[in-house]
Amino acid sequence: MDALSLLRTLGSLAVVLGVLVGGLWFARRFNLGPGMTGSGTGPRRVEVVERTPIDSRRSVLLIRRDGREHLLVIGPEGTAVVESAIVRDACDRQAEEARKSEIEAQRAMAAKRIEQAQARTAAAMNGARTLVQAAWRSLRVTGKRCARLLRHQIRRRRLMLSNESFGMALARISAVSADQKESHM
């Protein structure tokens, strides 16, 4: 076999496998297969309502078929029907209402906790804002004090500096002070 015929064979194999995988995906996607209904978009007749593990190997399964519920025990030894054609009565409705009211109470409690957390966060943000403003004022005051001290030192050494350099230094200090005043307004 030359290389060209080997490539053709491998390519054909890849196409066939691709078609098989695509067909399998399509069949699963649209519930086409043995024992499956043809319409994947219609209402389902069977649904798992709840599954609860009993131990590591067994579990209890509550399924609903056409509006009736069935209780099954599933384990390695097989499946056993515990109760069939369960009809919901007033006791079940009361239990469901109690569960719903408990869920609503939990939601209300969670909403209250969220509200309290938001209030604490807002208070912390206000406290942080106050601290930042106080620190900024402190820096501004410290900056003014530094500028005054620098002016005083320059005035003391004025005799050593030439008039031109003294004027430039004072202009820089004034510009810095003006920039600080503008930035704080």
Report task. Enumerate the strands (runs of 3 or more DSSP E) found wholly within the stretch 41-89, keeping only those where 3 or more residues are touching a helix residue (DSSP H, G or I) at 6+ places or on another chain (Cβ under 9 Å). Result -> none
Report task. Would you confirm whether any residue within the stretch 85-101 is acidic (Asp, Glu), exposed (fewer than 11 other Cβ atoms within 10 Å of the Cβ), touching a Lys or Arg at 6+ places or on another chain (Cβ under 9 Å) and modelled with pLDDT of 80 or more? Result -> no
**Report entry** Options Glu69, Glu77: the member that is modelled with pLDDT of 80 or more and surrounded by 10 or more Cβ atoms within 10 Å (Cβ to Cβ)
**Finding:** Glu69
Query raised in the report: Which residues, taken from the stretch 8-40, are more than 35 Å from the chain's Cα centre (by Cα), part of a loop (DSSP other than H, G, I, E, B) and at pLDDT 70 or above?
Result: Leu32
Query raised in the report: Among all residue pairs at least 6 apart or on different chains, which show Cβ distances below 9 Å where the first residue, located in the stretch 87-114, is under 27 Å from Asp66 (Cβ atoms) and the second is not in a loop (DSSP other than H, G, I, E, B)?
Result: Val87/Arg68; Val87/Glu69; Arg88/Glu69; Arg88/Glu96; Asp92/Ile86
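The values are calculated or read from the model by the stated rules, or taken from the named source; none is laboratory data. Quantities reported herein were computed from a predicted structural model and do not represent experimental measurements. Neighbour counts run over all protein chains shown; Cβ positions are idealised from the backbone, glycine included.
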